[in-house]
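Asks: Sharing a structure with you now.
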Amino acid sequence: MHCVRKVTEDLYWVGANDHRLTLFENIHPIPRGVSYNAYVLLDEKTVLFDTADWSVCRQFLENVEAVLSGRPLNYLVINHVEPDHAASITEILLRHPETIVISNEKAFMLMRQFGFSIDGRYEEVKEGDIKSFGKHTVTFVAAPMVHWPEAMVTFDTTNGVLFSADAFGTFGAIDGKLFNDEVNFDRNWIDDARRYYTNIVGKYGPHVQYLLKKAAGIDIKMICPLHGLVWRNNLGYFMDKYIKWSSYEPEEKGVLLVYASMYGNTESAASLLATKLVEKGMTNVYMYDVSNTDISYLISETFRLSHIVFASVTYNLGIYPKMHNYLMDMKALNIQNRTAAIIENGSWACTAGSLIRNFLNDELKGITVLDDTVTLNSSMTSAQEPSMDDMVTSIIDSMK
Ligand code: FEO
């Protein structure tokens, strides 16, 4: 049975939700599922904007056919070739021998690499090209590295709808609620939106900034992304988040306390630091165990907050492997402009602190590492309390 929603008078959402997938890209947990969005425009010509993941292909095809209601499908616009959106191209083209695929040169190269059959049925467009489908005229805007090199967005100049590809997407199945004003986004969706952006597109901040600059020059009324909700009002809220995330500026003053603890002693010290921060008035403090928190959540929180405290045991004369993995992911995602503090622990040959400090100074950009390091030898005692109090003072002073 088809399951579609009307977006505007002649535009329909024909996507589908996936609640079964546990790991997006086989790496990021998605406990609330994910939606794969695609849209059909019924103009003088009919147009499908993108397809869907193979896992939801059957539902997606039923939706497309229901909206077309017997009409031919004249065009398929592909904004992004990653298979979570493009995997069903061949199925569409098999069912619709009349369809011409519209996309750019790089996208067609990728389609061939993935084995999608488009031979003789494509129309190549580039930045700034214009195409009319009848009442609606669209223009194509390159969006390289948001999130693949071929990515583009399509802007309908007739009604202000932006088909934004991965940009402005979120994790989370939409479950009937298509529009941003049908949910409490700031309460129920922002964490998944941040975790999606930071882990999927976070590395490409300058490219996102470039796209945002282009977007500022057009009158966008509605954003139709490839995942998550359609935005039809309050666009500035989400744009502001994107400006912050893509420029690696924190959303809030606050402390992310990530700890690596084998027997609870480092955790205990981290708890004491958190308590001392709260007692001094800094209540925006969040603790995460690096061993049992999926890294996608740590990265998301790292983008959100201004300060990070690394509390790590020494392991094989190095940084605890899961903490090291977190640092490596921070580097891979280009995280910048944060203030850091370090608690280290080692029963003998304690090296974690200096290694973390060197990593932050040498491998990341724009990280201010506070001078105070709290050094534990196996466990926290009153002997280390003055150094922890100094660290609390330094963290709070650095927020002023
Ligand atoms: Fe949702 Fe880059 O694909």
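None of the figures in this text is laboratory data; all of them are computed from the coordinates on show. None of these values were measured; they are calculated from a predicted model. When we count neighbours, we look across all protein chains shown, and the Cβ atoms used for this are built from the backbone with ideal geometry, even at glycine.
Asks: Within the range 256-398, how many lysine pairs that are 8 or more places apart, or on different chains, have C-alpha atoms less than 26 Å apart? Before the final figure, lay out each step's value.
Replies: Working: LYS276/LYS322; LYS322/LYS331; LYS322/LYS365; LYS331/LYS365.
Lysine pairs, 8 or more places apart or on different chains, close enough: 4.
Asks: Given an 8 Å cut-off on Cα distances and at least 6 residues of separation, report the relative contact order of the range 5-246 as a percent.
Replies: Once normalised by length, the contact order is 17 percent.
Asks: Could you rank the peptides 239-245, 33-39 by their average count of other C-beta atoms within 10 Å per residue, with the highest value first?
Replies: Numbers: 239-245: 17.1, 33-39: 24.7.
Highest to lowest by the protection proxy: 33-39, 239-245.
Asks: Right, another one. FRET efficiency for SER347 and SER394, Cβ-Cβ distance as r, R0 = 25 Å, nearest 0.05?
Replies: 0.45
Asks: Quick one, could you list the DSSP H helices from the chain stretching 15 Å or more along their long axis (Cα atoms) with average Kyte-Doolittle hydropathy of -1.0 or above?
Replies: 57-68, 205-216, 235-246, 265-279, 321-332, 352-363, 385-398
Asks: Evaluate Rg over Rh across the chain, taking Cα atoms for both radii and Kirkwood's formula for Rh. List each step's numbers first, then the result.
Replies: Details: Rg = 24.1 Å, Rh = 22.7 Å.
Expressed as Rg/Rh, it is 1.06.
Asks: Test of understanding: ordering MET109, MET222 by Cβ neighbours within 10 Å, fewest first, what list do you get?
Replies: Numbers: MET109 13, MET222 21.
Neighbour counts put them in this order, fewest first: MET109, MET222.
Asks: Something else: Can you tell me how the range 256-398 classifies by the Cα gyration tensor, rounded, prolate or oblate, using a/c under 1.5 as the rounded cut?
Replies: Rounded.
Asks: A follow-up question, please. Sort ARG232, ARG195 so the one with the fewest other Cβ atoms within 10 Å of its own Cβ comes first.
Replies: Exposure proxy ranking, most exposed first: ARG232, ARG195.
Asks: Sticking with this structure for a sec: Counting Lys and Arg as +1 and Asp and Glu as -1, each charge on the Cβ, what is the dipole of the chain about the Cα centre in debye, to the nearest 20? Show your work: numbers first, answer last.
Replies: Details: 35 positive and 49 negative charges, 61 e Å.
Once rounded to the nearest 20, the dipole reads 300 debye.
Asks: Something else about it: Using 0.36 nm per residue, how much length does the chain from SER382 to ASN325 gain when fully extended, once their Cα-Cα distance is taken away?
Replies: Stretched fully, the SER382-ASN325 segment lengthens by 17.4 nm.
Asks: Let me ask something else about it. How long is the range 122-248 along each principal axis, judged by its Cα atoms, biggest number first, in Å?
Replies: 40, 30, 27
Asks: What relative contact order, as a whole-number percentage, does the range 140-259 give when Cα pairs under 8 Å and 6 or more residues apart are counted? List each step's numbers first, then the result.
Replies: Working: 172 pairs, mean separation 37.0, N = 120.
Rounded, it is 31 percent for the range 140-259.
Asks: Using Cα pairs under 8 angstrom and six or more residues apart, how large is the relative contact order of the range 256-398, in percent?
Replies: So the answer I get is 24 percent.
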